[in-house]
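Novice: One structure, as structure tokens, below. Some questions next.
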Amino acid sequence: MALQSGEKLPIFIGHIWSKQKSRWTLLGLRLLAFLAAAAATLLMVLNKQTKTFVVATIGTTPVNLTLTAKFHHTPAFVFFAIANGLVSIHNLVMIMMDLLGSKFDYKGFQFPMIASLDMLNLALVSGGANAAAFMAELGKNGNSHARWDKICDKFGAYCDRGAGALIASFLALALMLLISFLSILNHKLVNSSSHNSHNNIIALPN
Amino acid sequence: MAETKRIFTFLLRFIAFCTTLSAVIIMISSRQRATVLVFSFEAKYSDTPAFKYFVIVNAIVSIYGFLVLFLPSKSLLWRLVVALDAVFTILLTSSISAALAIAYVGEKGNPIAGWLPICDQVTKYCNQVKGALIVGFISVVLYMLLFLYSLHTALNPLLLEKS
């Protein structure tokens, strides 16, 4: 009897402990992903730089041209801001659902909904981050074949803030990849271990 | 019912493989020589890193799609196919969005940065790139459907045979 209870107990405790620990790990990762995506959105939306160029000199008075670089001139950056905004809202909703959602009855839809939404938002953030990355590369290096000059030497601060937004977005992408696979793995582990412990409890007394 | 499902997914995978392959071929074969004032320059897909990335990703996905067509239906590797479908769908969406961003600049230009649109000088090249992007977009939609379908079947393991 002591041997049997000793055999049952570690399985039971291990199951409970890993479930709680993985729940809090997942929640912490979601919080980090939310912060990264929100930081990327804010950095891109508030990205602006004004610079005055001297284009010609008439007599002794220089002719000035003032140019402002804003994010909404480039559709790729607009898409980047929208995608990261949506991903941060998604992560916020997921955190709320995890903390406060035990009252609702999801009728078994909870897990497939979470998994599919996670994957869709992963695709969204990867599209946005990659488009902005290639536009930033174009701005940094220019394209000699199409006669497009690089602009990062003139608008240095704009380029630096854009680079910061890109880094935050790629961090959010990596975290969301980890989160989706961890939540699927976690669900499989919880389901299969509950079946296994059920079988063990039946099979042990003999 | 299971038989029609299998035939339908096989057909869908075959069409997706064809679209990715044709996107690669159309993009690679786009080139045009144009003369502007005194210069003569040639517009190729390899001038832009975004188009090179598009070609590379679509080539990898078409090789993957070709290999998956030959997978026997009761094999254990279908679980790996679910994960690989996820990865390749995400890669495809990122490649199409990058190529679309650069193609937009080529078509409309960017007045603040002083980038002039090049589509009126190399019209044939521009049209061919647009065609490759349309085919690439169709392949993204197809792979998204395939991925959602394999996610759906993988998350209801009671509906599949136990292996």
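Since every read-out is calculated from the coordinates, none of them should be taken as a lab result. In this text, all values refer to a predicted model and were calculated from it rather than measured experimentally. FYI the Cβ positions are ideal-geometry reconstructions off the backbone, even for glycines, and counts take in every protein chain you see.
Novice: Over all residues in B:100-112, what is the mean tally of Cβ atoms on other chains that come within 10 Å of each residue's Cβ? Provide the component values of the computation, followed by the final result.
Specialist: Details: counts 6, 15, 8, 0, 5, 10, 3, 0, 1, 2, 8, 2, 8.
Partner-chain Cβ atoms within 10 Å, mean over residues of B:100-112: 5.
Novice: A further question on this structure: Name the longest site-free stretch of chain B, where the excluded sites are trypsin sites (Lys or Arg not before Pro) in a DSSP loop with no more than 10 other beta-carbon atoms within 10 Å. Show your work: numbers first, answer last.
Specialist: Details: sites that count: B:LYS74, B:LYS162.
Answer from the scan: B:75-161.
Novice: Taking K and R as +1 and D and E as -1, what net charge do the other residues with C-beta under 13 Å from the C-beta of A:LYS140 add up to?
Specialist: On the way: positive: A:LYS150, A:LYS154; negative: A:GLU137, A:ASP149, A:ASP153, A:ASP160.
The answer is -2.
Novice: Separate question: Around A:ILE167, what is the net charge, scoring Lys/Arg as +1 and Asp/Glu as -1 over all other residues with Cβ under 12 Å from its Cβ?
Specialist: Details: positive: A:ARG161; negative: A:ASP160.
Net charge around A:ILE167: 0.
Novice: Quick check on the exposure proxy: order A:GLU137, B:GLU3 from fewest to most C-beta atoms within 10 angstrom. Display every interim value, and only then the final one.
Specialist: Details: A:GLU137 17, B:GLU3 7.
Fewest-to-most ranking of A:GLU137, B:GLU3: B:GLU3, A:GLU137.
Novice: Take every residue in peptide B:86-96, count the Cβ atoms of other chains within 10 Å of its Cβ, and give the average of those counts. Walk me through the numbers before you get to the answer.
Specialist: Working: counts 7, 1, 0, 4, 10, 3, 3, 9, 11, 5, 3.
Partner-chain Cβ atoms within 10 Å, mean over residues of B:86-96: 5.
Novice: Where the only charges are on Cβ atoms (+1 Lys, Arg; -1 Asp, Glu), what is the dipole of region B:1-115 about its Cα centre, to the nearest 20 debye? Please list the in-between numbers first.
Specialist: Working: 10 positive and 5 negative charges, 51 e Å.
I would put it at about 240 debye.
Novice: Grab the alpha carbons of chain B, take their convex hull, and tell me the volume per residue in Å³. Write down the numbers at each step before the final one.
Specialist: On the way: hull volume 18.1 nm³, N = 163.
In chain B, the Cα hull volume divided by residue count equals 111 Å³.
Novice: Relative to the compact-globule scaling 2.2 N^0.38 Å, provide the ratio for the alpha-carbon radius of gyration of region A:25-187. Walk me through the intermediate numbers first.
Specialist: Details: Rg = 20.6 Å, N = 163, 2.2 N^0.38 = 15.2 Å.
So region A:25-187 has a normalised radius of gyration of 1.35.
Novice: Would you order A:ILE184, B:ILE112 from fewest to most other beta-carbon atoms within 10 Å of each residue's own beta-carbon?
Specialist: On the way: A:ILE184 21, B:ILE112 14.
In increasing order of surrounding Cβ atoms, one gets B:ILE112, A:ILE184.
Novice: Could you list A:MET119, B:MET1 in order of exposure, starting from the residue whose Cβ has the fewest other Cβ atoms within 10 Å? Don't jump to the answer; show the numbers that get you there.
Specialist: On the way: A:MET119 23, B:MET1 5.
Listing A:MET119, B:MET1 from fewest to most nearby Cβ atoms yields B:MET1, A:MET119.
Novice: If you look at just the Cα atoms of the protein assembly as shown, how large are its Rg and its Dmax in Å?
Specialist: Reported Rg and Dmax, both Å: 25.9, 106.
Novice: Cα centroids of region B:1-15 and region A:37-61: how far apart, whole angstrom?
Specialist: When both Cα centres are located, 54 Å separates them.
Novice: Run the numbers on chain B and let me know its relative contact order in percent, using alpha-carbon pairs under 8 Å that are six or more apart.
Specialist: Over chain B, the number comes to 32 percent.
Novice: Could you pull out the pairs from A:LYS188/B:LYS74; B:LYS52/B:LYS74; B:LYS52/B:LYS124 whose alpha carbons sit more than 26 Å apart here?
Specialist: Details: A:LYS188/B:LYS74 21 Å; B:LYS52/B:LYS74 37 Å; B:LYS52/B:LYS124 19 Å.
Beyond 26 Å: B:LYS52/B:LYS74.
Novice: Given the Cα-Cα distance of A:PHE104 and A:ASP153 and 0.36 nm per residue of separation, how much length would full extension add, in nm? Before the final figure, lay out the partial values.
Specialist: Details: separation 49, 0.36 × 49 = 17.64 nm, distance 5.47 nm.
Roughly 12.2 nm would be gained on extension.
Novice: Under 14 Å from the Cβ of A:VAL125, count the other residues' Cβ atoms, weight Lys and Arg +1, Asp and Glu -1, and hand me the total. Show your work: numbers first, answer last.
Specialist: Working: positive: A:ARG30; negative: A:ASP118.
Value of the local net charge: 0.
Novice: In nanometres, what is the gap between the two model label sites at B:ASN127 and B:SER75, each 7 Å from Cα along Cα-to-Cβ?
Specialist: 4.3 nm
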